[in-house]
Structure formats: structure tokens, C-alpha cells
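Scroll down for the structure; my scribbles are underneath it.
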2 protein chains.
Amino acid sequence: MSPPLWIAAWALLLHGCAAGRAPRAPSTRSDIRDCTAEPPYLPPTATNTTARLAVLRSILRTHGVHAYIVPSTDAHMSEYISERDARLGWLTGFTGSAGTAVVTRDKAALWTDSRYWTQAERELDCNWELQRTTSIESIATWILKEVPAEGNVSLDPFLFSIDTWNSYSRALHGSGRTLLPLETNLVDQAWGDQRPPPSSSEIYSLPAEFTGSRWQDKVAGIRQRMEQHARRPTAVLLSGLEETAWLFNLRGDDIPYNPVFYSYTLLTNTTISLFAEQSRLSQEARQSLRSGCPGPLCVELHDYGQVSAHLHRYAQGNVTVWLGTEYTTYGLYAIVPQEKLLEESYSPVMTAKAVKNAHEQEMLRAAHVRDAVAVIQYLLWLERTVPQGQVDEFSGAQRIDAFRWAQEHSRGPSFESISASGLNAALAHYSPSNGSSRTLSAREMYLFDTGGQYLDGTTDITRTVHWGEPTPLQKEAYTRVLMGNIDLFRLVFPSNTAGRTVESFARRALWDIGLNYGHGTGHGIGNFLSVHEWPVGFQSNNVPLEAGMFTSIEPGYYQDGDFGIRIEDIALVVEAQTEHQSGEKPFLTFEVVSLVPYDRNLIDLSLLSPEQIRYLNSYYEKIRAHVGPELRRQQLEDEYVWLQESTEPFAVSSAGSAAAGSLALAALLSVLLSGLGA
Amino acid sequence: MSPPLWIAAWALLLHGCAAGRAPRAPSTRSDIRDCTAEPPYLPPTATNTTARLAVLRSILRTHGVHAYIVPSTDAHMSEYISERDARLGWLTGFTGSAGTAVVTRDKAALWTDSRYWTQAERELDCNWELQRTTSIESIATWILKEVPAEGNVSLDPFLFSIDTWNSYSRALHGSGRTLLPLETNLVDQAWGDQRPPPSSSEIYSLPAEFTGSRWQDKVAGIRQRMEQHARRPTAVLLSGLEETAWLFNLRGDDIPYNPVFYSYTLLTNTTISLFAEQSRLSQEARQSLRSGCPGPLCVELHDYGQVSAHLHRYAQGNVTVWLGTEYTTYGLYAIVPQEKLLEESYSPVMTAKAVKNAHEQEMLRAAHVRDAVAVIQYLLWLERTVPQGQVDEFSGAQRIDAFRWAQEHSRGPSFESISASGLNAALAHYSPSNGSSRTLSAREMYLFDTGGQYLDGTTDITRTVHWGEPTPLQKEAYTRVLMGNIDLFRLVFPSNTAGRTVESFARRALWDIGLNYGHGTGHGIGNFLSVHEWPVGFQSNNVPLEAGMFTSIEPGYYQDGDFGIRIEDIALVVEAQTEHQSGEKPFLTFEVVSLVPYDRNLIDLSLLSPEQIRYLNSYYEKIRAHVGPELRRQQLEDEYVWLQESTEPFAVSSAGSAAAGSLALAALLSVLLSGLGA
């Protein structure tokens, strides 16, 4: 996907959701800038960018550039980026995760989506125009207005996806302006020695017990896919950071929350070239990679910066290079002549990684059992401490992070914990900070969306709770979100079904009364890798669902200025048992992997069908069977008791959709009994 | 959409469905060719193409062409084509609706999809290889093998969509072969004076009572959309035949079943150019079109063949031409410089036409009431005559066509009637012929998918019936198809939802037991226009659903070699009444427009939920209210009685999904009563 789509789609999906529109800021607010005032007013959160812009503009002039486009992503189209790649943030002061800046010789503008409008007004100074859209058409229109005909519009081609490059190229085509790729990054030049240095921490091999298969077997599998492809590609180019990490069973910590390291791989039918800082490889990792030398399973190590030159040389031959267009930069793409490219949305490494083998499935399940322990500890701790008014969103987030760290194989959170009380949970993309954090209360709903990195798996779960008396709307909305979660989990569907075509089952119960949520319904997840793992999920550019894939299922509902609900569980795609079978492959369904009960206080049983209640009861049985023993093993007796209480089976007979028939019979019964004097 | 996709998608959707794979023909069958026999065996259905190929090849040599690609569509990417455009059929003998032929100097091959493999083996002679795929990659690979490096691969750019051209272009890029567009069609040259002449019948204005609005108002509306578009297009190019017919309220009969005529329109902000055979316009039509002359509402008439030259001249100016890339040919597209194009999937005429105004809605509803009368007459006639063994598929199709013709405003069938008994209904794309037609029987299921053209609307309905004892699987499958139909009709969904994301609701009841169908779930429909009207429907390239759109909803199930089921109704998208409303626009739902009851003999009530039964009962009330009076007006008393019987309300209390609760209460009741001696 192009960066704006790629990033925006994830961001919308996520942890922060764009359900409502951010309120437009009245200019009398003191926490946002007012550039029309005399003198202009800037809040303390704004960054003075005058000097930075001056330096960048002098560099633009040196290169004959009239406009320079700065994106928010890195050279690997990563969702999370390192400090060193936060060029947009440094240049503009804006710290949101998605945006595009354009600097001309006398103007500067930032484009971002509605989640970030208020934040941008807090962080930008008056050098910057804020453009409240992210469409490339809008950016290009602005550029055409500001850049003289015959002017040069420039960008770093290693920071833009193929699609985005093409969009700019089309928009400027025929306008007289030239779209000029410059391999040297002009923001980096301006940033100079203030730019954070590259990571120097160790790149290490995963212990064998935590790998799904040996890297040599993975390489053999990918080479087999290359041979079986009609176009007979001679090489696969890997530029997603998880691709190289997964392929070689290596991990690092270059990116927050994601145990990956800066790298590229060119895997050919006879050679393997890994581009990364060689000095950072552990002794063990180096031995593992070199164990097949010389030979087709020998990994040749090259410096990270060598990838372009190496690819250029390789592309001189009679070769065909397979790459994933969704996340390869235009810079790398343009190195290979068109006729030598095999362009597919995803590389075979991405699609192989998406289907977990039996051992990987077992590891993910095991990680979720321990993760459930941490979440249950947190829920019980909240129950005890919230009424005393001593917990706020930030200390809550710290607490659950601590519970996770205490679990075996923990490597910390898998993303910045979302911990949102009351109206904050309705805000898009909310994470608390130490300075401003709402106190949790038994009078408000509380939503937490958190996850952990463990050596055996990555987790991600959201629960929403209320310790007091929820309003009727809160209870109905929560129940309908839960019904959506259950309906999608219970769905039986043909093999090879696209997630996009079934995600509405998670929405229907809300739709029935005119409610909805504005984010995606789920995303893939890795084994000690990204918490958002492409290409699995329910978006239009995800691949069809196959047995062995893991995805989150996370419907929600967000009432502006009031409350927010999300229920998120991880699901494993498994074969379904059906009486018949249209087509050649077994039908599929979802197995729930997350193991934490829902808040009984928020469930209106009368809305649930008997099938939905039966699903809940069997889920609760499963939680008891898997988490109960682990709580005992960890000697968490209070939590064990809490779990038993929280997973008491629900009575099926009070079910809502059975109401018509049951009521008729009940009425009959009552008449008969009264007639009989009973 | 590209022609293969465009055509294949419709064909798969439709009237003929590709649920199962066509059986591979054993070479001992006498109805298919055997080119390995000595001498080769050809069935009587095969066409001798030796002479045609020889003529075409001499023309290829004259033009220096090494391979010539022949598609199945016309210059408007029409779904149905005229005899004059049946180039593929003339050249190959193959009469299926979708395929691509390539002729080199010594070879000839036809690519088509699984629906047509057996038919192709019956119709092709041994000059032709049959390629059992339709992928452009496969065609290109074959061409690369057969055409020498430096060779010319040619085609008529006015018969290929933009997408398809690009696919061929990419596939041949860098191979040394040249993709050579030739504006003169080489098959037409070979066909010579044997090619059917163009239609000479009248192009007429629709009477005012049958138009949704005056053409001048439609033109004003389109111009308003042009002004409101960010790119400020100066013109819209219309190349879909329904576009021009709809815009000017004109009709013709150049294409079977579709009341359209060969035409293009270039609508600019100040002028209107209509390209069609001027001599064919009725006096009235001509007067209407010229009534605004001179002025911006004056329609300038040009000959059909002048469109390219005119567009070329227009594109010299400072202009921006808006066109729909899904159905514009590469030939027209290439005339306009890239920077002067506004490319969207559909033109504003296509999207305006898709939303019917109040009068258009009323007309479509009225047409469906009369259409229901014809279908009910047919159902009653079948009930009476099938047991006597005198009806076959072909005579049945003739009979329903006759019933329709007798209705007011009828203009004949809207497509070739599908009338399929027993195992024939499981066959893809089945229409009976006079020579081979299965006799209808009370021991078999019967499926008919038919529709009518009326001056006020186009109809399309499918019913499946059984006059005897259906098998348990037939009954369960029929009931689940019906449940799917009901579930999608009952769905409440947000405005702007893509059909693709909700069509699975029509499948879930089947999926639950491992069944499915292999075609789309529905398509738009016109007011006395195409029975398959883009861009509405449930496919991935359809536009989001809006109030005022009409679409079919047509789930099915096909059991190879045994039986076939489809239930199809036309739906109008309407605003839903919901308690809440997320987003700015009201939620939507479907209102059923087709008014014919289902076969009670095939419904297993125990599978239906109370909500589904209530929906059925309210639907039946509606049928009685609308069709009953019309039957009386037409003095069809037997049909009236039949309708009353067929629309008796179902008992809700026996509902399936209420079974659990009801059974529990019933058991309790039984215990109590027995205990009380009752």
C-alpha cells in the first residue's frame, strides 16, 4: 500500500480509532496556536521551527529544488519508526504518526488526517499551514500553486512507496514541473549532527525453542515458491523489516515495540545477501548465518547501505526480481528494469509468514495464556483500587505493563498501552501521558487496549469495563459490540474468503440500531514480531483468510465526548466441521486465542440469541480450562477465584431471539397452570 | 473494468452461473471434436474456419502483423453485442459470450472460461487450440512463444479497455515484440461483405410519461457535477451505450434485449455533441435535441464514426476530459493527452443514472406489479400443465415470454430466458434451445430466470419450484438460499456501504452447512435500459450503495448433475428507521420490489428464525396488496385465488432459532401437565 494508505489504514484500524471527528478548536483556546493574533500566539507545546526551515531552504536552493516533500515513514514503510527516522517530527514539531510536509522557498504546509488536527494546532508554529486532508491530489494542487512552472519538486525516493510516487508523478505530469528524486535526504542534511545515531544494539538469533522452523528450511520453502511461480523469478527482494527478521530467525530492537532491525535481503535461487550492520550481529547469529558457506545456504553479509548498489549489479543479469509493491519504496523499485520485475502486492516471505505452522500456533496460544494472567491480575487490581480513586490512566497503563513484564518470556509491551477512561475512550488515538491523565472512576467506563511481546508470541487485547452502574445506552452498545465479536467468531466461511467481505458480521448488531465504528475490524499478529502483521486482516488489501492465520477481531463503539467501547480478541483461522462442502477445500472458522472474560456488568443478556449465549459459555469453559491451571501454577489464588466468578455460565433460556416462541409458550403455561389452580 | 473482467464478472453473476466446473469431455463423445483422431473428427456443430483464417492471415501479412488479438466485445464494452460485432464468433465458430482469440501466421488459439469449455469443443474446428483459462498472462505467454522477437502483435484499440491494453503492454514490454494498435479492424476486412450491415431502425424519444426528467435537466445536472469536481473538467466523454440513451431519453434496438443504439456523446460545459447515425433519428427525437439551438443546450449531431476525429480536435484545447475507465476503450482514451484526462471508474452520467428519482422509482415499481402478473400466470399454468408432461424448457420459456408480451407497455424479454429443469439448472449458463430441451416434471426442480422490458422499467426475477416431493437436501438448500435472500433484504447498514462488504449476508445460511454459490449476489437494473446496469451491485468494482439505487439480490445453490436453485428479487435501497444514527446520513436498508411468492413446498419452516418468518409474512402481505388488485383488474380470477393461497401467512411460533428456549419451556410444560394428569 502507498504510505498514506498504509499508515492511515493501520492507524485507523487500531489502537487509536477515528470514530468521531475531532472537535474544531475555537481560537480562544490557550492550548492551540493562534496565528491570526497580533503577535501570533503559540502554546508551550509548539516547536520553533524557524531556524530548521531556514537551513533546509538554503539546502533546497543549493539543489535547485523549489519544493521538497517529507513523509512520516521510514525506508521500510514501517508503522512504527525510530527516532532517527522522525524527520517529519523534527522538521515540523508535529509528533503524530501520519502526515506529509511540503516546504517551498517561502511556504511550509503539513497535511494530516482528522485524528491529528487538534494535536497539530498544539505543536506547529506559525511557519506552518495546516491542511486538513491527506489526499495526494490536495498536496499536488498546493504544489502546483506554489511552485513556478519549470520548477523542481523533489523527494527522497527511498521514503515513498511505488504507488505514492506514481500518484505524485501523475499529478505533476504535463504541468511543466519536474518530479526530481534525490537520493541524498535534504532533511537529514539540515538535521546534521543533531540527528540521533543509528542503533548499535545487538542483532541476535532467536533460541531454537522459539522458532517455528530453521531459517534454512524457510529459505528452501521460499525458493520452492519461486520455482513454482509461472514467471520463474530468480530472486526475492525483502524490504519489510519483519521479512528479514522472520526469515533468518533474527531479532533486534531498532524500532520501539517491534523486535526488528534495519535490514534488507536479496534472496536469489543460488545466493543469499543480507544487508545489515554486520558488527551488530551476535557471535551466534553470525555463526548460524555462515554455517552453510560456501553454498546456496550461505548468507553473505553486506552493509545496510550497500543494498542499492548490490541490487543494481544484480539487475544487470538475466534475472527476474520478485517484490511486494505494498511496502517496497520507489527508490529500490526503480533500480530494477521494468521487464525484470515480478510485482505482486506481497513477497512470498510475507505470505509464508502469515500462515503459522503447528509449533508457531502452539507458541502463540501459550503466550496468550500467560498474557491472560497479566490482564486478569490487572482487572482484579482495578476492581480493588479504582473505588479508592488512586488509579489514573497513566498509572493504570504502567501497572498492566508491569504485570506483563513479570510473565515468563516477556519482552515488554507490543505497543504503547491505550488506557482511556470516560470520554477519553471516545477520543481517537488516545494514550495517556504522565502529565495529563484522567482518574479512573466507578462512575465511568474504562477501555484498555494493550499487548505484550513474548519470545513465543505477540499479544493484543482490549477490554472495556464499568465498576458501577452503566447507562442503558452504554449497556446496549457494549452488548451489541460483543454480539458483533461473537457473530464474526462464529462465522463459518469458505476457504480463500477475503476478510473484507465478512467483517460486516462484526457490525450488524450495531447497524441494527443505527450505530457503527469508524475503524477496521482486525489485523494480523506475529510470533514475537509486529503487533500489526501484514498481510492478514479484514481490510481491502489483506490477503484471503487461510487456516493457520492469526487476526484480531475488534469491533467497538465510540460516543463522542462520552464513552468508548472496544472488545478485541485474537483469532486463529481453523478448519470448520461442516455437513457438506462446496469447493475443494474445507470451510473455515475462527478459534478464539485470547482468554479473558468480558464484563458481566455490561452485558444485556436479553439481546443475545441462544447461539450467542452458548458461544459465550463455551468460551468461558475454555478460559477456565486454560487459564485456571496457570493462575494456580503462579499461586494467584485471588485471581483464580475471580476467574471462576467471572466465567459462571449464563442461562440460555432467557435468550432474546427466542423470546417470541418462549413468551408464547410461557403465556400458555401460565394460563394452563392458573386454570389448573397451580 | 477490463473486458475480460467486465464480461466475465457479469456472466458469472448472472443468468448463467459458474457454480460448478464443466465436466471435462472424454474424447469418445460424438458431440465434441477429436483432433487427435485420423482423420480428425468434427461434430456437426463445428464451423469450418479454414478459409476465414486464410483470408485473415493474408491480411496480417499485408500489415506486417505476426499475431492479431480478437476480443468478444464491441467498441462500447457492451455485455450483449450485435451480430455485426460478433467477430470472435464469425472467426472461430465459437458462440459463447466471453473469450479471446489470437491468430498468428500458422497457429490459432481461443481462450475462454470453464463455463464454455465443452461448448468450445463442440463449435471449434481443428484449426484452433482451446486454452482453458482467460488470464492475459497466459495469452501473453503464448504470444511470446509463437511470435518471433521483433515481431508485431496487433489489435484494434477500439475493442479493448484501458486496463486490458495496459496488461498486454506490460506483458510484452522489453520482450522485443511491439504492441501495435491498428485502427482498421482486420477481422472486418476478412469478413468483408458477409458482415451484417449496421442497424437502420429508428432511434426514438421516450414518451415524456416514461422519462424520469427532461434531458435538458439531466445535462444541467451533469454540468453541475463537472463544476463541483476539484479538477474542473471541461467535458465528459460517454462511450457506454446506456449513457447516451439515458442522458437524452432516447432508445433504439441495435443490441438484442437492450433498447440502446450505437452512439457516443461529448458533453462539454458549453456544447453537446452526439455521435450516432443521424438519419435514424425520428423526427420527434431530432426536434427535441435541436430545440435548444443555438445555445449550450443545443445538441450537435455528428455521424457515429466522427467521434475520434472530433475528440482529437477538442483535446487540442485547454481542456480536461472526464471519462469512465471501466468501460472506455484504449482507442478513445489514447486520443486525449494524459494531463488532460480526468480518469474515474465511472462517468458522472453512470453514477447519476444509478440513483433513480421518485418518478423513476414509481415506474420501476409499477413495471414490477405487471411483471408479477405474468410470472404468476406462468406459475399457475405450470402447475396445471407440467403433470401432463407437455411442457419442456423451451416451450416454457416461450410461454412466459408470451405472458409478458401481453402486459401493458411490454417491449419483450430483457434477456434470453433461462428455463432449466432438474440437472440442467445446475449447469452454468443454461438456456434451452428448440432442438434439445428437457421436459418439465413433477419429480424435478425447475428454475426460471427471466425478465421483461417495459417502457416504464426493466425487470429480472428468478423463482425455483418443485411440484412433487423434494429431497431433504433440496428443501434444506432452498430454505437456506431463501434465508440468505431474507437476511440481505433485512440488513440495516450505513450510507455509503460497498455492496461487496455485505453480500456475505446472502451466503451465511448456506455457509453454515458448507454450501455456497459461485456467482455474484446482484446487479443494478435500469428503467427500460440494461437488465445489468452498472455501476450498482455487490461486486468489488461497484459503487457504494445509496438510497434510490435498484439492485437484484440473487443467492443460489447448484448441485452438479442434480439440481439448481436461485431466488432473485429486485431491491430498492431506501432509508432505514433507526433509533440512533452514527455518521451524518441516515442508515439504509432494502425494500423488495419483485412481487411473486416463493414455493411453500420447498420451505423448511423449522430452519427460519422468527424474524425471517415475520419478514416473509410482511412480504406476502405486500404482494397481496399490490398484485391482488392488478390481477382482479386484469380479470385473472384463478390467478387471484392462487395468489391468496400462496401468500397465506406462516406461523411464527414454530420458528427454528427460538427452538432452544421453546423446547425447554415445552418440556417443562409437558412435565407439569403430565404431573397434573392433564
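The values are calculated or read from the model by the stated rules, or taken from the named source; none is laboratory data. Owing to the predicted nature of the structure, the values given are computational and were not obtained by experimental measurement. When we count neighbours, we look across all protein chains shown, and the Cβ atoms used for this are built from the backbone with ideal geometry, even at glycine. SASA here: full protein model, heavy atoms, side chains in, ligands and nucleic acids out. Shrake-Rupley method; radii C 1.70, N 1.55, O 1.52, S 1.80 Å.
Determine the share of the stretch A:134-292's accessible area contributed by carbon and sulfur atoms, expressed in whole percent, with a 1.4 angstrom probe. Please list the in-between numbers first.
Values: 3020 of 6470 Å².
Looking at the stretch A:134-292 in its full context, I get 47 percent from C and S.
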Q.
At a 10 angstrom cut-off on C-beta neighbours, averaged per residue, how do the peptides B:465-475, A:110-120, B:395-405 rank from highest to lowest?
A. A:110-120, B:395-405, B:465-475
Q: With label points built 7 Å along Cα→Cβ from the Cα atoms of A:Thr271 and B:Lys107, find their separation and express it in nm.
A: 3.5 nm
Q. Which net charge results for the neighbourhood of A:Arg463, defined as the other residues with beta-carbon distances under 10 angstrom from its beta-carbon, given Lys and Arg at +1 and Asp and Glu at -1?
A. -3
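Once you list every other residue whose beta carbon is under 15 Å from the beta carbon of B:His229, what net charge do they have if Lys and Arg are +1 and Asp and Glu are -1?
Values: positive: B:Arg223, B:Arg225, B:Arg231, B:Arg232, B:Lys340; negative: A:Glu137, B:Glu227, B:Glu343, B:Glu344.
With Lys, Arg at +1 and Asp, Glu at -1, the net is +1.
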Q. Which of the lysines could a cross-linker bridge to B:Lys107, judged by Cα under 22 Å and excluding same-chain residues fewer than eight apart?
A. B:Lys145
Q) If we hang a label 7 Å off Cα along the beta carbon direction at A:Gln224, how far is it from the matching labels on the other copies, in nm, shortest first? A) 6.2
Q: With r as the distance between the Cβ atoms of A:Arg286 and B:Thr178 and R0 = 51 Å, compute the FRET efficiency 1/(1 + (r/R0)^6) and round to 0.05.
A: 0.50
Q. Considering amide H positions built from the backbone, and no H for Pro or chain starts, which residues 5 or more places from B:Gly412, or on another chain, come under 5 Å of its amide H?
A. B:Gln453
Q | Gyration tensor verdict on the stretch B:157-275 (Cα atoms; rounded if a/c is under 1.5, prolate if a/b is larger than b/c, oblate otherwise) | A | oblate
Q: Taking a cut-off of 17 Å between Cα atoms, list the aspartates and glutamates near A:Lys340, but don't count ones fewer than 8 places away on the same chain.
A: A:Glu227, B:Glu137
Q | Shielding by partners, peptide B:492-505 (average Cβ within 10 angstrom, other chains) | A | 5
Q.
Solvent-accessible area of A:Leu455, probe 1.4 Å, all protein chains present, reported in Å² to the nearest ten, please.
A. 20 Å²
(Q) Given the -39500 (n - 2.57) contribution per DSSP H run of 4+ residues, what per-residue ellipticity at 222 nm results for chain A, rounded to the nearest 500 deg cm²/dmol? (A) -10500 deg cm²/dmol
**Q.** Spacing of the two label points (7 Å from each Cα toward its C-beta) at B:Gln316 and A:Arg313, in nm
**A.** 5.5 nm
(Q) I need the inter-copy label distances for A:Arg61: point set 7 Å along Cα to C-beta, values in nm with one decimal, smallest first. (A) 7.0
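Rounded, prolate or oblate: pick one for the stretch B:234-296, where a ≥ b ≥ c are the square roots of the eigenvalues of its C-alpha gyration tensor, a/c under 1.5 means rounded, and failing that, prolate if a/b is larger than b/c, else oblate. Before the final figure, lay out the partial values.
Values: a/c = 2.38, a/b = 1.31, b/c = 1.82.
Taking the square roots of the gyration eigenvalues as a ≥ b ≥ c, the stretch B:234-296 is oblate.
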Q: State in Å² the accessible area per residue of chain A; use a 1.4 Å probe, count heavy atoms of protein chains only, and round to the nearest integer.
A: 37 Å²
Q: Using the Karplus curve 6.51 cos²θ - 1.76 cosθ + 1.60 with θ = phi - 60°, work out ³J(HN,Hα) for each residue of the stretch A:96-101 in order, rounded to whole Hz, and write x for Gly and Pro.
A: x, 7, 9, x, 9, 10
(Q) Quick check: from the Cα gyration tensor, does the protein assembly as shown come out rounded (a/c under 1.5), prolate or oblate? (A) oblate
**Q.** Chain lengthening between B:Ala402 and B:Ser345 when straightened (0.36 nm per residue, less Cα-Cα)
**A.** 16.6 nm
Q. Tally Lys/Arg at +1 and Asp/Glu at -1 over every other residue whose Cβ is under 12 Å from the Cβ of B:Thr265; what's the total?
A. -2
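Treating only the Cβ atoms of Lys and Arg (+1) and Asp and Glu (-1) as charged, compute the dipole magnitude of the protein assembly as shown about its Cα centre; round to the nearest 20 debye.
Magnitude of the dipole: close to 1500 debye.
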**Q.** Using alpha-carbon coordinates, inclination of helix B:610-633 to the longest axis of chain B, degrees
**A.** 80 degrees
Q: Provide a whole-number value for the mean count of partner chain Cβ atoms within 10 Å of the Cβ atoms in peptide A:574-586.
A: 4
Q.
Taking the Cα of A:Ser606, stepping 7 Å toward and past its beta carbon, and measuring to each backbone N in the stretch A:458-499: which are under 19 Å?
A. A:469-483
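Suppose every Lys and Arg Cβ carries +1 and every Asp and Glu Cβ carries -1, with no other charges. What dipole size does the stretch B:323-464 come out with about its Cα centre, to the nearest 20 debye?
Working: 12 positive and 17 negative charges, 81 e Å.
Approximately 380 debye in magnitude.
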Q | Probe 1.4 Å - accessible area at A:Met226, Å² to nearest ten | A | 0 Å²
Q: Could you pull out which residues in the stretch B:518-554 have an amide N less than 14 Å from a spot 7 Å beyond the Cα of A:Thr133, following the Cα-Cβ vector?
A: none
(Q) Along the charge dipole of the stretch A:65-173, pointing to its positive end and built from +1/-1 on Cβ of Lys, Arg, Asp and Glu, which listed residue (A:Thr141, A:Ile162, A:Ile69) has its Cα farthest out? (A) A:Thr141
Q) Which one of A:Met226, A:Val369, A:Val321 is farthest out on the positive end of the charge dipole of chain A, using unit charges on Cβ (Lys, Arg +1; Asp, Glu -1) and the Cα centre as origin? A) A:Val321
Q. Once both axes come from the Cα atoms, what is the angle between helix B:3-13 and the longest principal axis of chain B, in degrees from 0 to 90, rounded to 10?
A. 20 degrees
Q: For the stretch B:176-189, take each phi angle, set θ = phi - 60°, evaluate the Karplus expression 6.51 cos²θ - 1.76 cosθ + 1.60, and give the result in whole Hz per residue in order, putting x for glycine and proline.
A: x, 7, 9, 8, 10, x, 10, 6, 7, 7, 6, 5, 4, 4
Q.
How far apart, in nanometres, would the label points at A:Val55 and A:Lys585 be if each is projected 7 angstrom from Cα along the Cα-to-Cβ direction?
A. 5.3 nm
Q.
Helix A:637-646 against the longest principal axis of chain A: what's the angle in degrees, Cα atoms only, rounded to the nearest 10?
A. 70 degrees
Q.
With +1 on the Cβ of every Lys and Arg and -1 on the Cβ of every Asp and Glu, and nothing else charged, how large is the dipole of the stretch A:108-252 about its Cα centre, in debye rounded to the nearest 20?
A. 660 debye
Q: Sort shortest first the distances from A:Ser201 to its counterpart in every other copy, using label points 7 Å along the Cα-to-beta-carbon line, and give them in nm.
A: 7.6
Q: Specify which residue in the list A:Ala285, A:Pro296, A:Leu274 is farthest towards the positive end of the charge dipole of the stretch A:222-302, using unit charges on the beta carbon of Lys, Arg (+1) and Asp, Glu (-1), about the Cα centre.
A: A:Pro296
Q. By per-residue mean of other Cβ atoms within 10 Å, what is the highest-first order of A:40-51, B:361-372?
A. B:361-372, A:40-51
Q.
What FRET efficiency comes out for A:Arg443 versus A:Glu362 if R0 is 35 angstrom and r is the Cβ-Cβ distance? Round to the nearest 0.05.
A. 0.25
